[in-house]
Structures are given as C-alpha cells and as structure tokens.
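The next block holds one structure in the form of structure tokens; read it before the comments.
We did not get these values from a lab; they are worked out from the coordinates using the rules stated. Only a predicted model underlies this, so the values are computations on that prediction, with no experimental measurement involved. Don't worry about glycine lacking a Cβ; one is built from the backbone with ideal geometry, like all the others, and counts go over all protein chains shown.
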Amino acid sequence: MHDLTDQEFTRFQRFIFDAAGITLSPAKKALVAGRLAKRVQDCGLNGYAAYFSLLASGDQPAEVQTAVDLLTTNETYFFREPKHFEVLRKSATERPPDGKPFRVWSAASSTGEEAYSIAMVLEDCLGSGRWEVVGSDISTRVLAQARRGQYVASRTTNIPAAYLKRFCLRGVGEHEGTVLVQRQLRSHVRFHQVNLNDAVPGTFGTFDVVFLRNVLIYFDLPTKQAILRRVRDLMRPDGWLFLGAAETTLGVDDSWERVVVGRSSAYRPLKGA
Ligand SMILES: C[S@@+](CC[C@H](N)C(=O)[O-])C[C@H]1O[C@@H](n2cnc3c(N)ncnc32)[C@H](O)[C@@H]1O
C-alpha cells in the first residue's frame, strides 16, 4: 500500500471534521496514516483512496463509526486532575437539599475511568442516595468498554486505596490482572452515545457538575463556542464546569467565571450572562 498522500489526508481531515467536529492539524498526517492502515487492509482494499470512497458512499454507516473510533484520541485515567474531584465533593456535600438527585455529566467519557471516579466520590459523600452520573462519547468502541467497567489492574493505580478496596473487585482465573468496578456503583452510571456537535437528547435533564475535559482541544473556535453554549444550557445556575488543563473558556465564551483551585481551574456560569 502506498503512503497517505496530502490530497488523501485532506479528505480524511474533512471527514472527521464533518463527523465529529475534530480539527486535525497537518502534523497529524502520520497518525492518521498509522491508525487507518490496518483497517484499509482488513477491508481488503488496496489503499486510502478506496477506503475514503467506501466512507463517502453513504451506505456503510458502521464503517463510518469504525473510522470515527479509529481517528479519535481516547487517552484517560482514573482521578485525572485530583483537584476537580475535591471541588466535586464539596459541591455535592454543600448543595442544599431540594429533592432532586445530584447529577454529573462526564461529557467525553472515553472508556469510563472519569465517570467511575466521579461515582466513587459521590457514593463516598452522598451514600447510595440520590445521585447519578451520565457518561457520553461519540465513539461506540470506548462506550462498550466503559459499560463493562473492567480495567487492566496496572491502570487503576490512581484510585485511592480505600476506594479500590471498597468499589472494585479483583479478577480471578481468566480475569486475573483485571479490576471490575462493583455492580452497585455501576448501576448509578449510564453511558450514551452523544456527538457534542449535535443537540443532546431531550431526556438528558440538567446537571450540577459537567466534566468536559480534554476534548475541546480538538475543536476549532466556533465549534468550542457552540458546545460551551449547549453545555451551559444544561447546567444548574450554581453548577460547576471542569475543562482539561490545556483548555479554557477565556477568549472563547465570556459567560463563565473562572475559579482557581490549586493549580487547576474550574468554571461557573456567570449570573445574568
Ligand atoms: C482524550 S479523551 C478525554 C477523556 C476524559 N474526559 C479525560 O479527560 O480523561 C477525548 C474523548 O472525546 C471523544 N470525542 C471526540 N470528539 C467528540 C465529539 N464530537 N463528541 C463526543 N465525544 C467526542 C473521544 O472519542 C474521546 O473518547
């Protein structure tokens, strides 16, 4: 198979922009070539151009989803940016009771580590009372892993020891070397496929806290602005928004107040904005 040409790369750039809103810089050409090469071969095709034609034909929606899965970056880990989890705990324990469940959205949940980290904190501070976590992602492959809640043990070292003991089961026999998030905790967490560039399902409800971390970085300015507007519409006025360390609302959408928490930032909807 020949190398990915510039013209072919441009087509895949447009494909992933249209499908997921993701802007791939020219520096990502080798990454795209590497991630698609095996798939092109598995499909029995002789090159990238033929694969692009398959995607563009309009009658292979499952293949389009596979390409989206391959071209998204899913890196994540348990208790990433611990300060955010401290703010989460404080917010959950201090919200005056109003009969409504405390709801948190992990809006680009990848394989689920973020959603289950949130669930561990909420179970710890609210008990098995009224709280729920919604995880969502565009990639069906990562959502399937998230729903399973089973992780290679070496990837669970960031979970505080007491939580690991209380909320996770060590695999035995054929599951040796893995850790399973306990069923009761999993029952508070639901995963849905959501493209952040589309309207969210009408049944989504409103959220006390939204984790929108390490995903805005892939989008251009108008896409970031549209997503932040939609997220704001789904948040309680006293809610919290967490972004990744390399992301900010500053210069993107001025309807948020930035609050410094240690070396991290958190954001709250500005009143009246
Ligand atoms: C780097 S991971 C971030 C995971 C987690 N939030 C964290 O910070 O550890 C980015 C995730 O965003 C998802 N993603 C990319 N474009 C998306 C879109 N348009 N809508 C929803 N999810 C998207 C990817 O599939 C990927 O799982």
All positions within segment 190-230 that are within 26 Å of Asp98 (Cα to Cα) and within 12 Å of the ligand (Cβ to nearest atom): Phe191, Val200, Val210, Phe211, Leu212, Arg230
Please note which helices (runs of 4 or more DSSP H) are completely contained in segment 134-228 and include at least 3 residues that are touching a Phe, Trp or Tyr at 6+ places or on another chain (Cβ under 9 Å). 140-148, 183-186
Can you name every residue in segment 158-177 that is over 13 Å from Glu123 (Cα atoms) and in contact (Cβ under 8 Å) with a residue 24 or more places away in the chain? Asn158, Ile159, Pro160, His175, Gly177
Picking from Ala245, Ala273, Ala266, the residue that is in contact (Cβ under 8 Å) with a residue 60 or more places away in the chain and surrounded by fewer than 20 Cβ atoms within 10 Å (Cβ to Cβ) would be Ala245
Can you tell me which residue is nearest to Val68 (Cα to Cα) among those in segment 144-162 that are within 15 Å of the ligand (Cβ to nearest atom) and buried (at least 22 other Cβ atoms within 10 Å of the Cβ)? Ala146
Sole residue being more than 16 Å from the ligand (Cβ to nearest atom) and at positive phi, chosen from Gly99, Gly129, Gly171, Gly112: Gly99
Restricting segment 231-244 to residues that are within 11 Å of the ligand (Cβ to nearest atom) and assigned to a strand (DSSP E or B), which is nearest to Ile22 (Cα to Cα)? Leu243
Mind checking which residues of segment 220-251 are β-branched (Val, Ile, Thr) and farther than 18 Å from Phe207 by Cα? Thr223, Thr248, Thr249
Pair list, Cβ < 8 Å and 6+ apart or interchain, from segment 66-82 residues that are within 20 Å of Tyr151 (Cα to Cα) to residues that are more than 10 Å from the ligand (Cβ to nearest atom) and in a loop (DSSP other than H, G, I, E, B): Tyr77/Asn158; Phe78/Asn158; Phe78/Ile159; Phe79/Asn158; Phe79/Ile159; Phe79/Pro160; Arg80/Asn158
